[in-house]
Amino acid sequence: MTASPDTTGARHLDDHHAELFEHDDGLSRSSPERLSSTTRYLCGAAYIDEDFADRAIREIVADSHRAVIPAIGYDVEAVLRHCFQARRLWAARNAALCVTLLAAMVIAPMVTLSLVTLALLVALPTLARRQKRWPVWKFVLVALVGLTALSCLAGPLVAVLNLAGSSSGYGYGYADTPALAPDGGSVRTYLVGLVVLALVLLGVLTWARHRMINTIITELAPGAPVRPPRLPRTDVEHRVGTVSRAQHGNVVLHSGFEPFVGAGNRVDAWSIVVELRPDEEPPDGVPPRPVRVDPVALVAHVRQRLAALRSRDLPEQERMTGLQLRDQVVAAGTRWHGYPLIDQQVRLPYAFATGEAVDAIIRFPQTSARHFLRASVGAQEKPAVAADGQTIMPSEHQSVVATAFTHIAVEGGMLYVEVVETVLGPLRQQYLDIDRYALSGDSTMNTALREAVQEFAVGVVTAPVGLARAIRRHLQLNGSMTRADTESQREPVYDFGARVDVREIASRKTFASYVQRLDSEKYLRLIERRIAEAVIEFLTAEGVDTSEFRTKFTQNWTATINGDVNGSFAMGTGATATASTPKGPKQS
């Protein structure tokens, strides 16, 4: 439920929001010559997992009036373009399989029915594992219904074709087909027909798989030049262009409860409230007056101290090169017409807030929008290098992203510092495995043939469903974009908020290794400590008594105990420690 707008407070922003909020920050960004590792894997995921491509398009493109989550370490546009290309290949594969089966049904219905029945029996366990929401009995029921339908269709089809052949003077010979009159010669013909049909279907699957694998090892190879695939329509091109610009923004409208969309799971949060008392005691009888502190200057100092973690003044091996800092203005996405963060002419959320707008939101923390300083660290891909320049240990892509969102507010003569920590799990292993195609040493055709054989039964059985889904998705994309355009204009309140991020769709719910969990802990603790130190430094320079802040931060500093040690211990004055479960992405 959305609160009614305060027209008195919002009128001033409403007059100037076109100047304070933009769809583009005006910076010219050339397309990258090379894709980052994360971008490569996300693009390749579309050719490995059809559902990934489908969901990415549905969430980011279909509702063309939703906000876009800022991308950390990857290019959303490149991923969406490959999702559309992969969907075309999946649809072409399923269409070719369906045409082949339909033609085979006309020529040799009993052979076709036998092959489909056999494929269904082989594919049933695999389908049951993939669709965990369905119990086995549902698959058995669907299989029986499908086979019954094919059996009922085969008999009349044979009779119709024989009747047509007799009336025209040409005999199709269906009365003598092996399935109906299985003598010795017809059994041989029947088996030959099964083999021929299977080979034709296998050829279709191999062709489609070869196209996809060839794209992965050429267009998505490490260091390969960027060759963006074309998009199907002008309106889709326009939406993807909007997404490409908005992914660099600092405004996030979220749908639903969770404000940190795209950042993974919240693993920790702490806040400190202290009075802004002067560090010198006032004369006797004089009440202490709060020290005036500019929160904008404090946020700037925290940003500067965090940026020092990646400073070029540090030795290269000590720099936190994966650290990315940006302002992030967060607000709920379900909004009324006239809300300042929505461009009413095109009914699209603004992606960029100017420096003036960000400063105003920091200084006035009671508005509907909330400012966070976002510090994100991805797993660094840096090799270990000896003094002579020789690589000792190569870099490795880990793909875990740890983020700390810091909110600072000054109200009522008090300072409020809030830090929310999140961890976005690594990419799923099946998406990272696209590199095996280039490293296997086998030819692309051999690899495609091997995978086609492995997926033969499932591919044949699911082809009609896949083709129906492709047609439905095409129609739904048109309908969704039209419906979003109509409803965003007609409805007084509309949900403009983003629901999910492409990177988040492809992520695991758990760490791939214990070291990844330790890395996320390490970076969050480094960032957390630097934030606290920066606040203390700034308050000290402003003449504020920092003893209360130091005490409360020390009390928040906990020690995690693992192994055979029981109980908890504390170090330092006022420090406390609790034994806790490891922090990280929630278990699936």
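Filter segment 483-499 down to residues that are of a type outside the set (A, V, I, L, M) and touching a strand residue (DSSP E or B) at 6+ places or on another chain (Cβ under 9 Å) and give me whichever is surrounded by the most Cβ atoms within 10 Å (Cβ to Cβ).
PHE496
In segment 105-122, how many are under 17 Å from SER186 (Cβ atoms) and part of a helix (DSSP H, G or I)?
Residues flagged as under 17 Å from SER186 (Cβ atoms) and part of a helix (DSSP H, G or I) within segment 105-122 amount to 8.
Considering segment 1-40 alone, what residues qualify as being part of a helix (DSSP H, G or I), among the hydrophobic types (A, V, I, L, M, F, W, C) and at pLDDT below 80?
Correct list: ALA10, LEU13, ALA18.
So which residues in segment 376-409 are at pLDDT below 95 and touching a His at 6+ places or on another chain (Cβ under 9 Å)?
ALA379, GLU381
Let's see how each residue does on (1) part of a loop (DSSP other than H, G, I, E, B); (2) touching a helix residue (DSSP H, G or I) at 6+ places or on another chain (Cβ under 8 Å); (3) at pLDDT below 90; (4) buried (at least 19 other Cβ atoms within 10 Å of the Cβ):
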residue: ILE216; (1), (2), (3), (4): no, yes, no, yes
residue: LEU231; (1), (2), (3), (4): yes, yes, no, yes
residue: HIS238; (1), (2), (3), (4): no, no, no, no
residue: SER244; (1), (2), (3), (4): no, yes, no, yes
residue: GLY249; (1), (2), (3), (4): yes, no, no, yes
residue: LEU253; (1), (2), (3), (4): no, no, no, yes
residue: GLY256; (1), (2), (3), (4): yes, no, yes, no
residue: TRP270; (1), (2), (3), (4): no, yes, no, no
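How many residues does segment 526-565 hold that are surrounded by fewer than 14 Cβ atoms within 10 Å (Cβ to Cβ), modelled with pLDDT of 90 or more and hydrophobic (A, V, I, L, M, F, W, C)?
The number of residues fulfilling the criteria is 1.
Do we have SER443 as farther than 30 Å from ILE57 by Cβ and either more than 25 Å from the chain's Cα centre (by Cα) or hydroxyl-bearing (Ser, Thr, Tyr) (or both) here?
Yes: the conditions hold for SER443.
Grab the helices (runs of 4 or more DSSP H) fully contained in segment 409-482, keeping just those with 3 or more residues being in contact (Cβ under 8 Å) with a residue 60 or more places away in the chain and buried (at least 19 other Cβ atoms within 10 Å of the Cβ). Let's see the steps before the verdict.
Details: elements: 429-432, 436-439, 444-454.
Output list reads 444-454.
Scan ARG277, ARG233, ARG239, ARG335 and give me the residue that is touching a residue at least 24 places away in the same chain (Cβ under 8 Å) and closer than 27 Å to HIS82 by Cβ.
When all the criteria are applied, what remains is ARG239.
Please determine whether any residue of segment 298-307 is assigned to a loop (DSSP other than H, G, I, E, B), under 16 Å from ALA404 (Cα atoms) and touching a Lys or Arg at 6+ places or on another chain (Cβ under 7 Å). If you could, list the steps in order and put the result at the bottom.
Our first condition is that a residue be assigned to a loop (DSSP other than H, G, I, E, B); within segment 298-307, this holds for none.
There is no residue in segment 298-307 that is assigned to a loop (DSSP other than H, G, I, E, B), under 16 Å from ALA404 (Cα atoms) and touching a Lys or Arg at 6+ places or on another chain (Cβ under 7 Å).
One line per residue, one yes/no per condition, for (1) at pLDDT below 95; (2) surrounded by fewer than 19 Cβ atoms within 10 Å (Cβ to Cβ); (3) among the hydroxyl-bearing types (Ser, Thr, Tyr); (4) more than 26 Å from GLY26 (Cα to Cα):
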site: VAL274; (1), (2), (3), (4): yes, no, no, yes
site: GLU281; (1), (2), (3), (4): yes, yes, no, yes
site: ARG312; (1), (2), (3), (4): yes, yes, no, yes
site: TYR339; (1), (2), (3), (4): yes, no, yes, no
site: ARG374; (1), (2), (3), (4): no, no, no, no
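Does segment 59-82 hold any residues that are more than 12 Å from the chain's Cα centre (by Cα) and closer than 16 Å to SER255 by Cα, and which are they?
Answer for segment 59-82, where residues must be more than 12 Å from the chain's Cα centre (by Cα) and closer than 16 Å to SER255 by Cα: VAL61, ALA62, ASP63, SER64, HIS65, ARG66, ALA67.
Of all residues being charged (D, E, K, R) and more than 19 Å from ARG209 (Cβ to Cβ) in segment 41-73, which is modelled with the lowest pLDDT? Just the residue, please.
Only one residue tops the list, namely ASP63.
Residue by residue through segment 529-558, note down the ones that are among the polar types (S, T, N, Q) and assigned to a helix (DSSP H, G or I).
THR540, SER547, THR551, THR554, GLN555, ASN556
Output the residues belonging to segment 500-525 that are buried (at least 20 other Cβ atoms within 10 Å of the Cβ) and closer than 19 Å to LEU348 by Cα.
ASP501
Is it the case that some residue within segment 74-95 is surrounded by 21 or more Cβ atoms within 10 Å (Cβ to Cβ) and assigned to a loop (DSSP other than H, G, I, E, B)?
yes
The values are calculated or read from the model by the stated rules, or taken from the named source; none is laboratory data. Fair warning: this is a prediction, and the values are worked out from it, not measured in the lab. With ideal geometry, Cβ positions are generated from the backbone for all residues, glycine too; neighbour counts draw on all protein chains shown.
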